[in-house]
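Undergrad: The structure under discussion is supplied below as structure tokens; questions concerning it will follow.
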Amino acid sequence: MQIERGRLFVFEGIDGTGKSTQVQMAEAALLKQGFPARRLYEPTRGLWGSKIRKILEQGRDGVSPEQELEWFEKDRMEDVERNIRPALDNKEIILMDRYYYSTAAYQGALGLDSEEILKRNRTFAPAPDIAFFFQAPLDACFERIEARNEDRTSFEKRDYLIKVQSLFDSFDDPVIKRIDGSQSIEDVAEKIMTAIQTSLAENGL
Ligand code: ADP
Ligand code: TYD
């Protein structure tokens, strides 16, 4: 099915809120309906993303918040140039597992200016059509993360994630749609697909 212009839907929220599950389901549902959907994620597996993944696995170990921020932004610039812009130019529907709101919230929670981060990212990264912000009680997220059996050093520490969540809560942008991630996987998927279909319908689809 041809769409008239590319679309960008982003999925944001703290770890364990169910983003990746929903990105995969939305991609499968759209592909089944014949739409040119593509799933992307940040941090990527590129040069900068790999440096980031190392600190995710092994801890920050002397990497300053400013340096960490720079790596996430360089990773995004590379992703925009190599993947996001070409796909939008090609009229694809991109489903992003994390984007610049994550940088504003996670690196903002390290004490950096989250509004400045948003402002700077908007100068080089295309604005989303919808930014789904997943919310779920921290305990539920922790249970899900533990069930996944990953040990993620400082990125998933409770106090840090409380700050990250409150920054996500503070962002105000007409494209943000808040999603209750504590509902069942099927109920969340239905809400997401309704919002995506509505957005596509505005394009006559
Ligand atoms: P995120 O990408 O936000 O970190 P995931 O999609 O990886 O979250 O989900 C984390 C875990 O929680 C996975 O094991 C997933 O199967 C489970 N999960 C996802 N959504 C729900 C939900 N709505 N209810 C219960 N469990 C869920
Ligand atoms: P991700 O692989 O999406 O983790 P998960 O599947 O557990 O949600 O993201 C890895 C971590 O990177 C996650 O803890 C959030 C963090 N992150 C930032 O700190 N800043 C950013 O700009 C992005 C995109 C992610």
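The values are calculated or read from the model by the stated rules, or taken from the named source; none is laboratory data. Everything numeric here is computed off the predicted structure, so don't read it as measured data. All Cβ positions, even for glycine, are placed from backbone atoms using ideal geometry, and neighbour counts span all protein chains on display. Surface accessibility is based on the protein's heavy atoms, side chains included, excluding ligands, DNA and RNA. Shrake-Rupley method; radii C 1.70, N 1.55, O 1.52, S 1.80 Å.
Undergrad: For the chain, what is one quarter of the convex hull surface built on the Cα atoms, given in nm²?
TA: Averaged projected area of the chain's Cα convex hull equals 10.8 nm².
Undergrad: I've got another one for you. According to the square roots a ≥ b ≥ c of the eigenvalues of the Cα gyration tensor, what is the shape class of region 92-205, taking rounded for a/c under 1.5, prolate for a/b larger than b/c otherwise, and oblate for the remainder?
TA: oblate
Undergrad: To continue, here is another question. I want to check a number: in region 1-129, how many lysine pairs have alpha carbons closer than 18 Å, given a sequence separation of 8 or more or different chains?
TA: Eligible lysine pairs with Cα atoms under 18 Å apart amount to 4.
Undergrad: If I ignore ligands, DNA and RNA and count only protein heavy atoms, how much of Asp187 is accessible to a 1.4 Å probe, in Å² to the nearest 10?
TA: We get 70 Å² for Asp187.
Undergrad: Relative to the Cα centre, what is the charge dipole magnitude of the chain, using +1 at the beta carbon of each Lys and Arg, -1 at the beta carbon of each Asp and Glu, and rounding to the nearest 20 debye?
TA: 520
Undergrad: Report, in degrees rounded to the nearest 10, the 0 to 90 angle that the Cα long axis of helix 185-201 makes with the longest principal axis of the chain.
TA: With rounding to tens, the tilt is 50 degrees.
Undergrad: Quick one: 3J(HN,Hα) in Hz for region 94-109, Karplus 6.51/-1.76/1.60 with θ = phi - 60°, rounded, Gly and Pro as x.
TA: Rounded to whole hertz, the list is 9, 10, 9, 8, 6, 7, 6, 5, 5, 4, 4, 7, 6, 7, x, 5.
Undergrad: May I pose another question? Heavy-atom accessible area of Lys191 with all protein chains present, probe 1.4 Å, nearest 10 Å²?
TA: Spelled out: Lys191, probe radius 1.4 Å, area about 100 Å².
Undergrad: What's the carbon and sulfur percent of the chain's accessible surface, probe 1.4 angstrom, rounded to a whole number?
TA: Whole-percent figure for carbon plus sulfur exposure: 48.
Undergrad: Where does the longest stretch of the chain lie that holds no GluC sites (Glu not before Pro) found in a DSSP loop with 11 or fewer other Cβ atoms within 10 Å?
TA: Longest site-free region, per DSSP loop and neighbour criteria: 5-201.
Undergrad: Between 0 and 90 degrees, rounded to the nearest ten: what's the tilt of helix 47-58 against the longest Cα principal axis of the chain?
TA: 50
Undergrad: Whenever you get a sec, line up Tyr100, Tyr41 from highest to lowest accessible area (probe 1.4 Å, protein heavy atoms).
TA: Tyr41, Tyr100
Undergrad: Please figure out what share of the DSSP beta bridges in the chain is antiparallel and state it in percent, rounded to the nearest 5.
TA: Details: 0 of 19 bridges.
Around 0 percent antiparallel, to the nearest 5.
Undergrad: Also, quick follow-up: Using r as the Cβ-Cβ distance of Glu143 and Asp113, and R0 as 22 Å, what FRET efficiency do you calculate, to the nearest 0.05?
TA: On the way: r = 33 Å, r/R0 = 1.48.
The calculated FRET efficiency here is 0.10.
Undergrad: Using only Cα atoms, find the angle between the long axis of helix 65-79 and the longest principal axis of the chain, and express it within 0 to 90 degrees, rounded to the nearest 10.
TA: Around 20 degrees separate the two axes.
Undergrad: Which cross-chain or sequence-distant (5 or more) residues have an amide H under 5 Å from the amide H of Gly13, H modelled 1.01 Å from N in plane?
TA: Phe134
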